[in-house]
Amino acid sequence: MPASEPVTIEGDLNAHGLRFGCVVARFNSFITDRLLGGALDAIRRHGGDLGTTRVVRVPGSLELATAARVMADSGKFDAVICLGAVIRGETAHYHHVAEGAASSIARIGPETGIPTIFGVLTCDTVEQAIDRAGAKAGNAGFHAAVAAIEMANTVKGLTGS
Ligand code: INI
């Protein structure tokens, strides 16, 4: 008997027909606007339609999860991308903001089945944030959107939708 092979489900990076929600923190907007630019660039360059992409702006990273959860529950999106920048040098409560944003966003995907991606920079310095928002170290918004594309297609592969 021939050895049988496992069926592997792996989302591809084709964004055609996928609907994305981007939630963007206004706090540190000089960084988060660059993350949004990277995310939109990734969606477009992977065949997605920016005409069906919705961008929602919220005050800060602690508010990302609330808007993302409403979008995930709406049934109107295949994936939601959360974009923010928490910079240690700027705040005494860095830890609470970073932890609060991470833990609240992390729950949305598992609880709703809609991939909800953590595209929040947590940096020690403004320089590090700039590097990761399109300067020396790539654009974390671009990478967050690529993860969103893959996971949206993974969910479609699992559910047959
Ligand atoms: N929000 C951020 O997105 N990044 C930060 O670095 C930050 N700091 O430094 O405090 C920050 N604070 C605001 C927070 O996200 C909420 O908007 C605020 O606490 C109101 O709930």
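The values are calculated or read from the model by the stated rules, or taken from the named source; none is laboratory data. Quick caveat: nothing in here was measured; it's all calculated off a predicted structure. Note that we place each Cβ from the backbone using ideal geometry, even for glycine, and neighbour counts take in every protein chain shown. In case anyone asks, the SASA skips ligands and DNA or RNA and just uses the protein heavy atoms, side chains included. Shrake-Rupley method; radii C 1.70, N 1.55, O 1.52, S 1.80 Å.
When the stretch 51-61 is filtered for residues that are in contact with a helix residue (DSSP H, G or I) (Cβ under 6 Å, 6 or more places away or on another chain), surrounded by fewer than 20 Cβ atoms within 10 Å (Cβ to Cβ) and in a helix (DSSP H, G or I), nothing remains. Taking into account only those residues within the stretch 62-76 that are of a type outside the set (D, E, K, R) and within 16 Å of the ligand (Cβ to nearest atom), which is surrounded by the fewest Cβ atoms within 10 Å (Cβ to Cβ)? Checked the stretch 62-76; the qualifying residue surrounded by the fewest Cβ atoms within 10 Å (Cβ to Cβ) is T66.
Would you mind stating whether I31 is closer than 30 Å to I87 by Cβ, of a type in the set (V, I, T), outside any loop (DSSP other than H, G, I, E, B) and away from the ligand (no atom under 16 Å from the Cβ)? No, not satisfied. If you take the residues in the stretch 35-50 that are among the charged types (D, E, K, R) and in contact with a helix residue (DSSP H, G or I) (Cβ under 7 Å, 6 or more places away or on another chain), which one is most open to solvent (accessible area, probe 1.4 Å)? Per the criteria, the residue is R44.
Sort through A85, A42, A79, A15 and tell me the only one that's within 16 Å of the ligand (Cβ to nearest atom), under 28 Å from I130 (Cβ atoms) and among the small types (G, A, S). Sole residue among the options that is within 16 Å of the ligand (Cβ to nearest atom), under 28 Å from I130 (Cβ atoms) and among the small types (G, A, S): A85.
When each of A106, A98, A15, A85 is tested for being part of a helix (DSSP H, G or I), open to solvent by less than 40 Å² (accessible area, probe 1.4 Å) and on the phi < 0 side of the Ramachandran plot, the lone residue that passes is A98.
For the stretch 40-53, indicate whether the set of residues that are more than 17 Å from M151 (Cα to Cα) and touching a residue at least 40 places away in the same chain (Cβ under 8 Å) is non-empty. Checking the stretch 40-53: at least one residue is more than 17 Å from M151 (Cα to Cα) and touching a residue at least 40 places away in the same chain (Cβ under 8 Å). For the stretch 112-120, the criterion of being among the aromatic types (F, W, Y), within 16 Å of the ligand (Cβ to nearest atom) and either under 20 Å from A15 (Cα atoms) or crowded, with 16+ Cβ neighbours inside 10 Å (or both) is met by at least one residue. Condition check for H46 on (1) in contact with a Gly (Cβ under 6 Å, 6 or more places away or on another chain); (2) closer than 27 Å to G160 by Cβ; (3) not acidic (D, E): one failure, at (1).
Report the residue count in the stretch 132-146 for those that are open to solvent by 40 Å² or more (accessible area, probe 1.4 Å) and under 15 Å from L36 (Cα atoms). Break it down into steps so the answer makes sense when it comes.
Step one: list which residues in the stretch 132-146 are open to solvent by 40 Å² or more (accessible area, probe 1.4 Å), which gives 132, 134-137, 142-143.
Filter once more, so that each one left must be under 15 Å from L36 (Cα atoms): 132, 134-135, 142-143.
So the answer is 5.
For the stretch 72-96, a tally of residues being within 19 Å of A140 (Cα to Cα) and at pLDDT 95 or above returns 8.
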